[in-house]
Amino acid sequence: MSVQSNVEVHSEWGIVSARQAGRNLAKELGFGGVDQARITTAISELARNIYLYAEKGEIVLEGIEKKEAGGVHRGLRIVAKDQGPGIKSVREVMEDGYTTSGGLGAGLPGVKRLMDEFDIDSITGEGTVITVVKWLR
Amino acid sequence: MQPSVIEMINSYRDEVIAQWKKEITQVQEGEFNHTVPEAVFNETNKEFVELILHTLELKQNEAKEHLRSFTERLIHTGWPLSYFTKGLQVFRRVLLELMTSNDALPSKKVYETFSEVESWIDGIINQLVDEYSGSWENTLHLQKLALKELSAPLIPVFEKISVMPLVGTIDTERAKLIMESLLEGIIEHRSQVVLIDITGVPVVDTMVAHHIIQAAEAVRLVGAKCILVGIRPEIAQTIVNLGIDLGKFSTKSSLRKGIESGLELTHRKIVSV
Ligand SMILES: Nc1ncnc2c1ncn2[C@@H]1O[C@H](COP(=O)(O)OP(=O)(O)OP(=O)(O)O)[C@@H](O)[C@H]1O
Ligand SMILES: [Mg+2]
């Protein structure tokens, strides 16, 4: 398997196409309606953050699997990469309500709750890579 | 253009026209004459080639004017831009071939003629492309306007009650329109209750939620009440996961329930008779 799709994000259109690609892949992998909505919403948050704070970047979507005692586990991985200003304090941006743009500040903590795995790798001045995974139940 | 060159072009006039018509018909056979009757085609070709030659005798702005009215008419009836550009390219080739086949012409004269013809035809091509893109921009502008009107309509369904059905993706541009249209519409229709129906919104992320919250707040400030309807179950879940508090909000599961509660708020109800 491992169909991978990359979507460039440098306008609001990019956000929409990343979402669309995510919804299609989620459907293909067999996610139900609620999880499809969660995945699409998470992509929307990550892509919009790229557009707002880094101007441009990309969303990489991939079907993944891991072997476990119970058998093979399948999931969908979203990687949001940009070469923007980076995030100074990861702890701070993960607080509900923390925003530098007058938003709700619910995006990143929300994505963490929407997905099963969540990881931020960011270097100030160099960029940000956020990797999240949703596993099929 | 030098009078001697014009004179020379004119001396080839009939040959150029005949040759051009022959070649352009070949090009057209493969391309764009499927929908246009032959008679119309021949007529247009004749008019086009004569117009090209006619521009030689006109002053520059007169020539422009003539070209403009001709292209405007054809753009209107849907002729492709490639008809003009191909037509002009073929014209240039035919003319230059005829002129250079004249051995009596000194090579310096050949060069001069060449560049004169090039810049003459280039000028016409540029103008046509400009006219075309201008008309495209115009169309695009009109379509944007139409979309704008469609993107956030406020519909007065009962006295004092209006509905805004939102269908499709909400971007920042549209979020602005929603706010404007809501506030203007409330004043215009004297609405006391507005129902925002998000059944057709595919994704409600923090930005969309934020805009809806702000819109509801603004509605409250102008003295009306906002009820959010059409929250699909999966959307309700993601809103909760995002940690967005819609507690301050009136929400109803369906438009019908929303209307019932709107009627109640304005001290009315629907009865069967
Ligand atoms: N890719 C990024 N590069 C740099 N800074 C970022 C990036 N993503 C998020 N941030 C920072 O983290 C903060 C919190 O992000 P988060 O998405 O949680 O909230 P928000 O975007 O401010 O508001 P919203 O609730 O609309 O998403 C942002 O305000 C911004 O300062
Ligand atoms: Mg955000």
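The values are calculated or read from the model by the stated rules, or taken from the named source; none is laboratory data. Here the structure is a predicted model, which means the values were calculated and not measured. Here the Cβ is made from the backbone with ideal geometry for all residues, glycine too, and neighbour counts use every protein chain on show.
Taking helices (runs of 4 or more DSSP H) that fall entirely within region B:177-273, which contain at least 2 residues that are surrounded by 14 or more Cβ atoms within 10 Å (Cβ to Cβ) and without any contact (Cβ under 8 Å) to a residue 24 or more places away in the chain?
Passing ranges, in order: B:206-221, B:233-242.
Look at region A:84-113: where a residue is among the aromatic types (Phe, Trp, Tyr) and a partner is within 12 Å of ligand 2 (Cβ to nearest atom), sitting 6+ places away or on another chain with Cβ atoms under 8 Å, you get A:TYR98/A:GLY105. The number of residues in region A:19-50 being buried (at least 19 other Cβ atoms within 10 Å of the Cβ), touching a residue at least 24 places away in the same chain (Cβ under 8 Å) and either within 11 Å of chain B (Cβ to nearest Cβ) or touching a helix residue (DSSP H, G or I) at 6+ places or on another chain (Cβ under 9 Å) (or both) comes to 18. Going by the conditions given, is A:VAL132 away from ligand 2 (no atom under 13 Å from the Cβ), without any contact (Cβ under 8 Å) to a residue 12 or more places away in the chain and farther than 22 Å from B:ASP171 by Cα? When the stated conditions are applied, A:VAL132 does not pass them.
Counting only helices (runs of 4 or more DSSP H) that fall entirely inside region B:30-146 and contain at least 2 residues that are in contact (Cβ under 8 Å) with a residue 60 or more places away in the chain, the qualifying elements are B:60-76, B:81-100.
Residue count for region A:96-120, restricted to those that are within 14 Å of chain B (Cβ to nearest Cβ), away from ligand 1 (no atom under 11 Å from the Cβ) and among the acidic types (Asp, Glu): 1.
Could you please let me know if A:GLY97 is surrounded by fewer than 17 Cβ atoms within 10 Å (Cβ to Cβ) and at pLDDT below 95? For A:GLY97, the condition - surrounded by fewer than 17 Cβ atoms within 10 Å (Cβ to Cβ) and at pLDDT below 95 - is not met. Being more than 14 Å from every other protein chain (Cβ to nearest Cβ), out of contact with any Pro (no Cβ under 8 Å at 6 or more places or on another chain) and more than 8 Å from ligand 1 (Cβ to nearest atom) holds for only one residue in A:ILE123, A:ILE130, and it is A:ILE123. Taking (1) exposed (fewer than 15 other Cβ atoms within 10 Å of the Cβ); (2) farther than 22 Å from B:LYS22 by Cα; (3) among the charged types (D, E, K, R) in turn, B:GLU50 satisfies each apart from (2).
Report whether or not A:LYS88 is crowded, with 17+ Cβ neighbours inside 10 Å and more than 6 Å from ligand 1 (Cβ to nearest atom).
Working: crowded, with 17+ Cβ neighbours inside 10 Å: no; more than 6 Å from ligand 1 (Cβ to nearest atom): yes.
In short, no.
Checking the condition touching a Lys or Arg at 6+ places or on another chain (Cβ under 9 Å), at pLDDT below 90 and in the same structural domain as B:GLN60 (by TED's automatic domain parsing), which residue from B:GLU131, B:GLU116 passes?
Working: B:GLU116 fails: touching a Lys or Arg at 6+ places or on another chain (Cβ under 9 Å).
B:GLU131 is the lone residue from the list that is touching a Lys or Arg at 6+ places or on another chain (Cβ under 9 Å), at pLDDT below 90 and in the same structural domain as B:GLN60 (by TED's automatic domain parsing).
Return a yes/no flag: does region A:77-85 have any residue that is in contact with an Asp or Glu (Cβ under 7 Å, 6 or more places away or on another chain), away from ligand 1 (no atom under 16 Å from the Cβ) and away from chain B (no Cβ under 14 Å). The answer is yes; a qualifying residue exists. Within region B:157-171, residues that are within 14 Å of another protein chain (Cβ to nearest Cβ) sit with their Cβ atoms under 7 Å from residues that are in a loop (DSSP other than H, G, I, E, B), at 6+ positions apart or across chains, in these pairs: B:THR169/B:PRO202; B:ILE170/B:VAL201. Select, from B:VAL201, B:VAL229, the only residue that is within 36 Å of the chain's Cα centre (by Cα), away from chain A (no Cβ under 14 Å) and not basic (Lys, Arg). When all the criteria are applied, what remains is B:VAL229.
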